Amino acid sequence: MSEPLTPEASTAAPTAPRRKRTNLRARLRGWAPYLFISPFFVIFLVFGLFPLLFSVYLSFHRWEPAAGLSAMNWVGFENYVYIVLNDDWFHKSLYNTGWMAIVSGLPQHLVALPLAFFLHTAFGRWRNTVTGIYFLPFITSSVAISLVFSTLFSRDFGVVNASIAQLAQLPVFSWFLPEQNIDWGQPQYTKWMISFVVFWRYVGWNTVLYLSAMQTIPKDLFEAATMDGATRWQQFRHVVLPLLRPMIFFAVTLTIIGNLQLFEEPFILTGGTGGIDQAGKTAAMHMYATAFVDGDFGTASAVAWLLFMLIAVVTWLNNKLLGQKEDKA
Amino acid sequence: MSTIALPTPRRGHSKGIHPSQIVAYAIVLAGAVLMLAPFYFMFIFATHSDREILSLPPPVWFGDHFDDNLKLLLERLPHWWHNLGWSVYVALAVTAANLLLCSLAGYAFAMFEFRYKKQLFLFVMGTMLLPSFVGMIPTALIMSWLGWMNEPKALIVPAACGALGIFMMRQYIASAIPRDLLDAARIDGCSEFGIYVRIVLPLIGPALGTLGLVTFIASWNNFMGPLIVMRDMEMYTVPLALRSLQGTGQTPWGAICAGSSIAVLPLLVMFALASRRLIEGLTAGAVKA
């Protein structure tokens with residue numbers, strides 16, 4: 001560390017005060033990197049780690065925040081046991097979360113993969129523009145866009161229903177499209193609506209991830225495959241998919257983690273309530289309501305950690321299913 | 001690359017587009033329309049009265065009621081311009097803090113050798129794995145203990161330095177700045193902070209731009225943060241203010257779309273100007289391998 005300093009120190013006349021200053025400087029040099037990285041650690045300890053630890057502590061207590069810190073009652077695992085065994089709203093919100101995680105998440109990848117391949121192999125100089133259009137929903141405010149969607153999904157006059165009615169007049173679509181306007185606020189439709197918005201927001205993000213992974217595949221591989229007479233589908237199946245497996249694993253993991261914490265889109269689309277019969281209430285929304293509507297911070301913290309554990313388990317399972325093949329190959 | 005022109009094997013239509021591809025193009029373009037449609041209707045509806053929006057078929061071109069919608073928006077959200085101001089203020093402060101602190105930390109991780117460097121860096125990266133919602137409840141408590149409720153600093157300080165920013169900066173500095181340059185400056189007697197200000201900062205402009213865009217957008221869109229720390233409508237940021245249009249009384253569709261347009265427009269402009277850079281920044285962590 002102090003090596004670059006030696007020439008300076010030796011060429012300069014080694015008078016006593018000078019040397020002292022150099023030593024001080026040299027010592028400061030040694031501390032400089034720690035000084036430079038310290039803001040992150042200070043912020044993280046105060047606003048990241050401490051809240052987490054405190055939330056673990058809270059989850060073992062029954063507590064009315066208005067009564068002050070002294071009013072905390074240690075209850076052990078009571079919060080957890082109650083939630084797991086008896087909290088029907090938690091069960092329901094967990095079911096909703098899982099349902100929407102799959103219905104919005106799976107299509108994201110089933111669409112993004114072929115889309116990325118097509119964008120990669122075709123479109124020429126329009127590629128970036130088209131990619132950008134698909135990516136656009138990802139950067140926009142989820143609140144603003146969810147509010148707009150709740151306009152588009154209104155029952156009698158919404159653009160979505162109007163479009164469905166138009167499509168239903170075409171021969172093929174009329175087989176499966178409803179004749180009546182759909183009331184998207186009804187419990188059986190709420191989750192579909194939310195899932196669609198989530199799909200819309202994140203499909204472009206996944207496409208960009210896959211596209212950037214495809215761009216790292218050497219061109220020679222495609223050329224070799226083409227010369228061997230491989231069709232596009234065969235190229236996709238036998239060249240792209242195997243090479244993309246790490247990225248698929250990564251992107252699916254991100255989707256799982258994100259979808260299990262779903263909050264903003266369902267919160268706005270159901271007006272913060274979860275919708276009729278709580279059909280669109282997610283686990284994160286349940287946690288928010290338990291803490292900030294019911295004022296039960298202990299139970300809410302337990303909900304948060306149960307959800308965290310669930311995410312950890314699902315991520316681990318995903319790793320077993322998708323990640324391990326990587327090692328074998 | 002082969003220089004010999006090979007005959008295209010078994011491809012009838014070697015020139016132009018293969019018929020099967022036309023279908024694919026059509027689907028992709030239809031998808032693009034689907035991606036843009038909500039934005040389009042948002043802008044269109046912002047210029048129509050609620051009665052027009054709720055007619056069949058819905059309007060598909062601009063009307064002339066934007067003024068009325070804005071007036072209605074201000075009626076329902078009397079602090080709208082304040083809200084907008086707070087959003088700008090918070091986003092700029094968070095961005096400035098991140099540019100400074102992340103580049104400093106990135107510089108240290110890229111250019112210095114020090115004890116526990118590897119472990120510390122792994123720790124920084126590891127913090128990205130922690131889900132934000134778990135800290136939501138205690139964060140609200142901490143803010144109220146600190147007396148930061150309703151204060152913009154409750155949004156600025158916790159977001160002032162993030163792992164992704166440090167990672168981006170480290171990668172860029174390590175690849176863009178030769179160590180010899182820094183050693184030369186050291187021999188000339190420049191202090192470490194002086195080196196950072198005079199040599200590192202001027203050289204990492206592009207990375208700062210990308211990180212700035214990404215950070216600004218994340219802060220601008222932040223909803224959960226303000227939701228738990230901002231109590232008075234006057235202190236709301238834009239997403240929170242927009243959300244309060246919901247509920248009680250008749251839903252003001254036109255005003256919602258006008259407000260949403262105002263909230264989204266800056267992002268669309270940024271995206272139009274720097275989409276490439278933005279996408280790179282946002283996927284930086286993902287494509288590192």
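Numerical summary
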quantity: Convex hull of the protein assembly as shown built on C-alpha atoms - directionally averaged projected area, nm²; calculated: 35.9
quantity: Heavy-atom accessible area ranking, 1.4 Å probe, most first, across B:H82, A:H109; calculated: B:H82, A:H109
quantity: Max mean-square fluctuation residue, GNM over chain B, Cα-Cα springs under 10 Å, options B:I187, B:I279, B:I262; calculated: B:I187
quantity: Shielding of A:126-137 by partner chains, average beta-carbon count, 10 Å; calculated: 5
quantity: Evaluated at q = 0.13, 0.17 Å⁻¹: base-10 log I(q)/I(0), Debye formula over Cα of the range A:193-257; calculated: -0.45, -0.68
quantity: Volume per residue that the Cα convex hull of chain B spans, once the total is divided by residue count, Å³; calculated: 229
quantity: Highest-MSF residue in chain B out of B:S87, B:S103, B:S49 [GNM, Cα springs under 10 Å]; calculated: B:S49
quantity: Positive minus negative residues near B:H65 (Lys, Arg vs Asp, Glu; Cβ under 14 Å); calculated: -3
quantity: For residues of A:213-222, the mean tally of beta carbons on other chains within 10 Å; calculated: 1
quantity: Sequence-distant residues sharing a close amide H with A:H61 (under 5 Å, placed H); calculated: A:V75
quantity: Debye intensity ratio in log₁₀ form over the Cα atoms of chain A, taken at each q of 0.08, 0.09, 0.10, 0.16 Å⁻¹; calculated: -0.60, -0.72, -0.82, -1.34
quantity: Within-15-Å neighbourhood charge of B:W148 [Cβ basis; K, R +1; D, E -1]; calculated: 0
quantity: The range A:271-326 - convex hull of alpha carbons, volume per residue in Å³; calculated: 91
quantity: Relative contact order (%) - chain A, alpha-carbon pairs under 8 angstrom, separation at least six; calculated: 25
quantity: Label-to-label distance, nm, for residues given as B:Q21 and B:D64 (7 Å Cα→Cβ offset); calculated: 4.8
quantity: Longest site-free stretch - chain B; sites: trypsin sites (Lys or Arg not before Pro), DSSP loop, at most 10 other Cβ within 10 Å; calculated: B:116-287
quantity: Lysine pairs within chain A, Cα separation less than 26 Å, 8 or more sequence positions apart or different chains; calculated: 6
quantity: A:A26 paired with A:T216, simple spin-label distance in nm, labels 7 Å along Cα-to-beta-carbon; calculated: 4.3
quantity: Under 13 Å, Cβ to Cβ, from A:H286 - net charge with Lys/Arg +1 and Asp/Glu -1; calculated: -2
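The values are calculated or read from the model by the stated rules, or taken from the named source; none is laboratory data. The shown structure was predicted, so the numbers you read here are calculated from the model rather than taken from an experiment. Quick reminder, even Gly has a Cβ in these numbers, built from the backbone with ideal geometry, and neighbours come from all protein chains shown. Just the protein is used for accessible areas: all its heavy atoms, side chains included, with ligands, DNA and RNA removed. Shrake-Rupley method; radii C 1.70, N 1.55, O 1.52, S 1.80 Å.
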